[in-house]
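*Asks:* Have a look at the structure that comes next, please.
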Amino acid sequence: MGGQGGIDVYLGLDVGKGEHHATALTPEGKKTFDKRLPNTESKLREVFAKLQAKHGTVLVVVDQPASIGALPLAVARDAGCRVAYLPGLTMRRIADLYPGEAKTDARDAYVIADAARSMPHTLRAIEAADETVAELEMLTGFDDDLATEVTRTKNRLRGLLTQIHPPLEKILGPRLDHPAVLTLLERFGSPAQLRKAGRRRLVTLLRPKAPRMAERLVEDIFIALDEQTVVVPGTDAAALIIPNLVSSLGSVLDQRRLLAARIEELLEAHPLSPVLISMPGIGVRTAARILIDVGDGSAFASAGHLAAYAGLAPVTRASGSSIRGEHPARRGNKQLKRAFYLAAFASLSQPESRTYYDRKRREGKHHVAALIALARRRIDVLFAMLRDGTFYEPPTPIAA
């Protein structure tokens, strides 16, 4: 006799790089399979086929649907199995309900299978493979790595400039994204080299990349150079390091621009893209992250569930008669939370977002808390847009 939804066997996979641990349970909870599986198509297909032949409909559940869990899901779909995803945080909480404290692959696979059997509401659906979303996930993952590298290199550059010439760092440090500044530092990596080049030469160098600010920037540079006459030990070494760091930074920034162009192409081909982009503050990278983690929003019962998943739902802390109020959640999808936060920040140029933000500030919230509140409010709007397939519409002002 089949289980809920016509499932005849629940196969939990604790996925790994080289091999997975698989545990299969019948609807009654009887264990029918409990072995390690190599992460190869042939072995996975063999096990899926045997379970189907012996029991019938198989539900394959993983704790990680991307990267190392991608192949088992692809093979399961191709073999005619149903697939689902048990989020890792949910699994950890459920695991606390089971006896024993051991953390083993076999135990985790059993918890996944038993949760699918007895608590199907904890599962998240995995739709049929969407090539656009799969490619977006890979590209945005690489872009996140590049963004980390950009931050690291910038911090290193600013640290060196601060060490040898703090006034110069105040002028150039905040502008390390600008091609003109990168060209300048790659050619002249020390205060002495900048001074020796002279104003006219520097203006000529910068004007093609920064026609409006070339003269003003060069003037600011020489004002900064005049503020410090002493040469700090290590300046000569920094003059060798800075051009190399600048060259690396420029290369990574170029890669991010190419990725952004490709991500934009993929977004344009997705039917939900116009809906997402219509909302103020949501750009290419933010839309890609929302599309990957949220999709059409159908996996979430309400906007509150989506906010909780993103870690933007406030958490109330109370014990007995002691109520300590609401605090920001520390859990949730950190990448999605960051995307919603940055989108809220970018939307402050819009009157409706600025009005809500200013109101929260007047209520006593600091900048970050006010932005988080704005991001949470915007999730309500975004969820409705995805649910109804409608574009963003600014709220109608209420007449006095």
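The values are calculated or read from the model by the stated rules, or taken from the named source; none is laboratory data. Predicted, not measured: the structure shown is a model, and the values here were computed from it. We place every Cβ from the backbone using ideal geometry, glycine too, and count neighbours over all the protein chains shown.
*Asks:* Confirm whether Glu169 is under 16 Å from the mean Cα position of the chain (by Cα), surrounded by 14 or more Cβ atoms within 10 Å (Cβ to Cβ), of a type in the set (D, E, K, R) and not assigned by TED's automatic domain parsing to the domain that holds Leu59.
*Replies:* So Glu169 fails the test.
*Asks:* Would you mention how many residues in segment 223-242 are surrounded by 13 or more Cβ atoms within 10 Å (Cβ to Cβ) and within 17 Å of Gly173 (Cβ to Cβ)?
*Replies:* The total comes to 8.
*Asks:* Pairs under 6 Å by beta carbon, first residue assigned by TED's automatic domain parsing to the domain that holds Gly16 and part of a helix (DSSP H, G or I) in segment 67-96, partner buried (at least 17 other Cβ atoms within 10 Å of the Cβ) and acidic (Asp, Glu), six or more apart or different chains?
*Replies:* Final answer for the pair search is Gly88/Asp63; Met91/Asp63.
*Asks:* Exactly one condition in (1) in a helix (DSSP H, G or I); (2) hydrophobic (A, V, I, L, M, F, W, C); (3) touching a helix residue (DSSP H, G or I) at 6+ places or on another chain (Cβ under 9 Å) is not met by Val60; state its number.
*Replies:* (1)
*Asks:* A further question follows. Just for segment 80-112: of the residues that are farther than 26 Å from Thr57 by Cα and either surrounded by 15 or more Cβ atoms within 10 Å (Cβ to Cβ) or acidic (Asp, Glu) (or both), which one is modelled with the lowest pLDDT?
*Replies:* In this case the residue turns out to be Glu101.
*Asks:* Is it the case that some residue within segment 35-57 is assigned to a strand (DSSP E or B), in the same structural domain as Ile94 (by TED's automatic domain parsing), in contact (Cβ under 8 Å) with a residue 24 or more places away in the chain and in contact with a Phe, Trp or Tyr (Cβ under 8 Å, 6 or more places away or on another chain)?
*Replies:* The answer is no; no qualifying residue exists.
*Asks:* Would you point out which residue out of Ala310, Ala301, Ala329 is surrounded by 15 or more Cβ atoms within 10 Å (Cβ to Cβ), more than 17 Å from Thr286 (Cβ to Cβ) and modelled with pLDDT under 95?
*Replies:* None of the other options fit; the residue is Ala329.
*Asks:* I've got another one for you. I need the full set of residues from segment 166-211 which are more than 21 Å from Gly250 (Cβ to Cβ) and outside any helix (DSSP H, G or I), in order please.
*Replies:* Gly198
*Asks:* Filtering segment 24-45 down to residues that are in contact with a strand residue (DSSP E or B) (Cβ under 7 Å, 6 or more places away or on another chain) and under 14 Å from Pro72 (Cα atoms), which residue is surrounded by the most Cβ atoms within 10 Å (Cβ to Cβ)?
*Replies:* Among those that are in contact with a strand residue (DSSP E or B) (Cβ under 7 Å, 6 or more places away or on another chain) and under 14 Å from Pro72 (Cα atoms), it is Leu44.
*Asks:* If you don't mind, another one. From the list Arg262, Arg289, Arg257, which one is basic (Lys, Arg) and surrounded by 20 or more Cβ atoms within 10 Å (Cβ to Cβ)?
*Replies:* Exactly one of Arg262, Arg289, Arg257 is basic (Lys, Arg) and surrounded by 20 or more Cβ atoms within 10 Å (Cβ to Cβ), namely Arg289.
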